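Worksheet: one structure, shown below.
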Amino acid sequence: MSRDPALDTFIAESHELLAIMEAVLLKCERGESEPEAVNELFRAAHTIKGSSGLFGLDAIVAFTHVVESTLDRIRAENAGIGPRLAAALLECRDHINGLVEGAAAGQVSGAAERQAAGSAILQRLNRESGHSSNAAVSAPAVAPVRDSRAADEAPTGAFADVRVHADSWHISVRFSADVLRNGMDPLSFVRYLGSFGVITELEVIDGDLPDMERFDPESCYLGFEIGFKTDADATKIEAAFDFVREDCRLRIVPPQSSSAGRRQPAQPAAPAAEAEGDRGPARSTVDARGVDARSIRVDGDKLDRFIDLIGELIIAGAATGSQARSAGLPRLTESALHLARIVEEVRDQALKLRIVQIGSTFSRFQRVVRDVARESGKEINLEVSGGETELDKTLVERIADPLTHLVRNAIDHGIEKPEARRNLGKSGAGTVRLHAYHDAGSVIIEVADDGGGLNRDRILQKAIQRGLVPEGATLTDAQVYELIFEPGFSTAEQVTNLSGRGVGMDVVKSNVTALRGSVEIDSEEGRGTRVKLRLPLTLAIIDGFQVGVRSSSFVIPLDLVEECVELESTADDGAEASRGHITLHGSVLPLVHLREMFEFGGAAASRQSVVVVRGGGKRVGIVVDELLGELQAVIKPLSRLFRQLQGIGGSTILGNGRVALILDVPGLIERGQARSTLAYGVHFAAPAAAGQSYG
C-alpha cells in the first residue's frame, strides 16, 4: 500500500522544525540564547504536535505535548534556558526525531521501549526545568463524538439551537469543497482538539449536501459545531486549524458569551475594532483564511526526472541542429540555433531549481562538534562562513558524509586536549572552521582546525614502513600530506570511537572524486591543518569543450579550460613533449597524451593541440588531435563495470547520436603531476594492502 503523500510532507517539515530546535538549543547551551529563543522552540514543538495529531501519531503528540507545556511555562515565567535545561531539551528533540523517523519507516514494534525511553527523558526535563511533578505522557482523552443526524433531537435547519455548556468554548467551522482533494481529513482536526481539552458536544452539519445527481464524492459538504472545554486561549484553539486555514471558515466564541448557546455559521473575521465587548479578553471571532503562499514543496524524485527530461531535450536539440547543418538549409539552421538558445535558457532555469545554499548543511555540524567534543573531552568552537554559497542539492546531500568525517577527524586527530593547548600557549578551546566559496566555476569547501597539524616526518616514516614510498625518496610537503589519502594509511596510535579503524581519508577522497571533485591538504605543524574540497556546481548538465583523438570524442568541462595552444613540432619541443612536459609562458607544464593513455595506437596526427586545464591550483596540458568546439553536455554516469576507469568521469551523447567520454580533469591533473615528478627522479611504489587509516 502506498503511503499518504501528506505524511511525507509532514516528515519533511518536522525535520526542518527539529533542525531549528537543534540550532536554537545549541546556542542556549553555549550561553548565547536570544530573547526569542523560547518562542521559537515553542512554535516548533507546537507545530510538530499539531501536525502529528492530524495523522493520528499519538506517541509524538503525547511526548511533544509535555515538551510544549514545559516551554509554555518557561515562556509564561519569562525564564531563560540555561545549558543544563538546553541539554535536556536536546534529548527531547532527539527523541521526537526518533519518533518521526519511526513514523516515516512505518514502525509499529518497540512502542513500549520507546515510551520507557521517553519517560526517562521527560523526567530529566522536569528536574532541569524545576518542575517536580511527573508529567503525563499520554494525550488527554476526547469525549465521544455525537453525530447530530443520528440523534432524536437533531436540529433542523441551518440555525437551530445547539446544546453547548456555558463554561465551554463554541467552535463553528465550515470546510471548503476542496479540502479533501488537498489531502486534509476534517475529522483529524476534531481529534487534535482533544489533545488539549475535552469536546463536550459535536454536531456534524451537512446543510449544503446536494442531491445524488449533483453529488461529488471528492467534495466536502461538512461542517462542525463544537462545544469545547479547555484551559487554552483562543490563539491556541485557532492554531489547531493552521493546516486548513485556506480551506475553511472558522468562528470561535469564548465561554460565558451571550452567543455561546446559539449556532452562528462561521464567517470571515470582523476587524478587531468591531469585536463585541461582551466576549472577554480573548479574540472571539477568528479569520482562518491564510495568506497565499509564494512557494511550493516539490518531491525530489520529480525534480530529478524533470532535469533528466531537460537533458534529453538538449540531446534532441543538438541532433536537430546537426541535421539542419547537414541539410544545408539556412532557414532551418537559423531555427535550430534559436531552439538551442531557448533550450539553454530552459536548462539554466531548471538547474536553478536544484540549487540550494550550503548553510543548512553547515548548521548540522554544530551538533556534530558538540557531541564529538564531549566524547573526546575537548573544548571546541565551530566557526562557519560562506553559508550562502550555492550548489546542486544532490552535491549538498552527498558531501555531508565526507564533511562529517573531516570534522570528526579534525577534532580527534588535529586539536589537542585543553591542558596540552594551554601548555603550548594556545587557548584551551580549539577551533574548527567551515568555509565555502566559489572559485573558477567550482565550489570550494574548506575544513580547517588550529590544532597540532600533520607531522610530516611521522607520515613519511609510516609510508616508508608500509612500502608506499622508497627509502631516500625526496618529496614535497604536499606530496607527503597526500599519502594520508592512501587506502589503509593511519598514524593513529590507538583506536577510538571516532577514528583509527581503517575507514578514513581514502574514503573521503574516493567519495569526492566520485563527484568529479578533488581534495587538497595543507598543514603547518603546531598551527593546524586545512583540507580543501573542490566540487563542480552541478552533476547533471555542463558546458563542455569537445576534443578528438583519431575517431573518438572527449569532453572537458569548459570552466576548467584555460587556453588551447598548438603543440610545436620543433626539436626542442618534441623532446620535451616526449618526456611528459613542455615549457609554456616560462613555466613547466606537465602533459597527458590521450592517445597514449587510452592506447589508441597508430601514428600521431601531424598537428596536435594542447588543452591547458587548471584545477586545485595545478595545471596540466591534455594533448589531443582535434579541437571540436563548445557544447552542452548531459552527464550520463558510467555503469559499474567502467567506474574504475582512470581519467573518465562520465559520458554524454552527441548531436550525431555518438557517445563521447567526459574526462576526469582532477584525475588527469594528478596523473600529469605524477608523471612530471617521475621525470625528475622521484619514484613511488605501488600502494600496500589496506590496514589502518589516518581516520
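The values are calculated or read from the model by the stated rules, or taken from the named source; none is laboratory data. None of these values were measured; they are calculated from a predicted model. Cβ coordinates were reconstructed from backbone atoms using ideal geometry, including for glycine residues, and neighbour counts include every protein chain displayed. Heavy atoms of the whole protein, side chains included, go into the accessibility calculation; ligands, DNA and RNA do not. Shrake-Rupley method; radii C 1.70, N 1.55, O 1.52, S 1.80 Å.
Between E34 and N78, full extension at 0.36 nm per residue minus the direct alpha carbon distance yields a gain of 14.6 nm. Along its three principal directions, the equivalent ellipsoid of region 514-562 from the Cα gyration tensor extends over semi-axes of 33, 13, 9 Å, largest first. Summing +1 for each Lys or Arg and -1 for each Asp or Glu among the other residues whose beta-carbon sits under 15 angstrom from that of K302 gives -1. Within the straight-line cut-off of under 25 Å between alpha carbons, the lysines reachable from K236 are K49, sequence neighbours fewer than 8 places apart in one chain being disregarded.
Between F642 and F306, the distance separating the two model label sites (each 7 Å from Cα on the Cα→Cβ line) works out to 3.0 nm.
Can you compute the FRET efficiency between A514 and E562 using 1/(1 + (r/R0)^6), with r the Cβ-Cβ distance and R0 = 35 Å? Round to the nearest 0.05. Numbers along the way, then the final one.
Details: r = 25 Å, r/R0 = 0.71.
FRET efficiency, A514 to E562: 0.90.
Listed by chain and number, the aspartates and glutamates whose alpha-carbon sits under 14 Å from that of K462, ignoring those within fewer than 8 places in the same chain, are E471, E482, E486, E493. Give the aspartates and glutamates whose C-alpha is closer than 16 Å to that of K426, dropping any in the same chain fewer than 8 places away, or say none. Leaving aside aspartates and glutamates fewer than 8 places away in the same chain, those within reach of K426 are E379, E416, D449, D450, E524, E525. With no solvent and one point on each alpha carbon, what is the Debye value of log10 I(q)/I(0) for region 589-657 at q = 0.11, 0.18 Å⁻¹? Scattering profile of region 589-657, log10 relative to I(0): -0.36, -0.99.
With the simple model of a label 7 Å out from the Cα in the direction of the Cβ, A420 to Y221 spans 7.7 nm. Our coupling estimate for region 65-77, obtained by passing each phi through the Karplus curve with A = 6.51, B = -1.76, C = 1.60 and θ = phi - 60°, is 4, 5, 4, 4, 5, 4, 5, 5, 5, 4, 5, 5, 8 Hz, Gly and Pro reported as x. V67 sits among other residues whose Cβ lies under 10 Å from its own Cβ, and their net charge, with Lys and Arg +1 and Asp and Glu -1, is 0. Placing pseudo-labels 7 Å out from each Cα toward the beta carbon at L353 and A112 gives an inter-label distance of 4.9 nm.
What is the calculated FRET efficiency for D231 to R374, with r their C-beta to C-beta distance and R₀ = 45 Å, to the nearest 0.05?
On the way: r = 39 Å, r/R0 = 0.87.
Given R0 = 45 Å and the Cβ-Cβ separation, E is 0.70.
Element breakdown for region 183-255 at a 1.4 angstrom probe: carbon and sulfur atoms account for 51% of the accessible area.
Calculated FRET efficiency, T9 to H338, Cβ-Cβ distance, R0 = 35 Å: about 0.30 to the nearest 0.05. Taking Cβ atoms as reference points and 15 Å as the exclusive limit, the residues near R658 contribute a net charge of +1, counting Lys and Arg as +1 and Asp and Glu as -1. Loop-located GluC sites (Glu not before Pro) in region 303-389 (DSSP state other than H, G, I, E, B) with a sparse environment of at most 13 neighbouring Cβ atoms within 10 Å: E388.
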